[in-house]
Amino acid sequence: VWQTKWELEDLSFRFLEPETYKRIARQLDEKRAEREGFIASAVQRLKDELAKSGITDAEVYGRPKHIYSIWNKMRGKGIDFDEVYDVRAVRIIVDDIKDCYTALGIVHALWQPIHGEFDDYISHPKGNYYRSLHTAVMADDGRAVEVQIRTHEMHHHAELGVAAHWRYKEAPGGKNSPAKADGA
């Protein structure tokens, strides 16, 4: 369902805002298939390094951000394309909090952390009790990657609980509600 949603958003955006769509596509400087290949390589590298550290049952997966979502983030946060660090994103889900911080150490040992792009929502949860580690790193080839690290329990809460992304975006007064669009 999410794949269909992303495809519809990108297709609609491409026809409704063709110049903006083309500009972002040019700035990406790589095709979606190339971004997906990059993510697959990063995921495998992380799985290998986590296993070497004794974390053998981690779930590691990723996705490239689609063009409409990039534009929406740029518009919503008032930032330039160069400030969107989650064009490529990876998520690591582990069994316990200790493994979250071990995974963070592995990520930061593999790739250069981007200054100012680290949030510890485990030790300082958001108001809705969302918990996760977020970091952005520069891969060996100079491409930015966002990495989120959390436990299975944290992931369940983020996806289905009060912290669920889709819920706060769709709720009255949420991120995408008419009240927010009007500046309320």
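Once you reduce region 1-42 and region 56-132 to the center of their Cα atoms, the two points are 19 Å from each other. I need the chymotrypsin sites (Phe, Trp or Tyr not before Pro) found in region 101-142, filtered to DSSP loop residues with at most 13 other beta carbons within 10 Å of theirs. Here the sparse-neighbourhood loop sites are Tyr129. Residues of region 56-93 falling in the label zone of Met138, defined by backbone nitrogen less than 17 Å from a point 7 Å along Cα to beta-carbon, are 81-88. Ordered by 1.4 Å accessible area with all protein chains kept, Glu19, Glu34 run largest first as Glu19, Glu34. Considering all C-alpha pairs of region 1-137, those separated by over 27 Å amount to 29%.
For region 65-147, the relative contact order works out to 30 percent when only alpha carbon pairs closer than 8 Å and six or more residues apart are counted.
How high is the relative contact order of region 15-130? Use alpha-carbon pairs under 8 Å, at least six apart in sequence, and give a whole percent.
Computed over region 15-130, the figure is 25 percent.
The values are calculated or read from the model by the stated rules, or taken from the named source; none is laboratory data. None of the values given here were measured: they were computed from a predicted structure. Ideal geometry is used to build each Cβ from the backbone, glycine not excepted, and the neighbour counts take in all protein chains shown. Note: areas computed on protein heavy atoms with side chains; ligands, DNA, RNA excluded. Shrake-Rupley method; radii C 1.70, N 1.55, O 1.52, S 1.80 Å.
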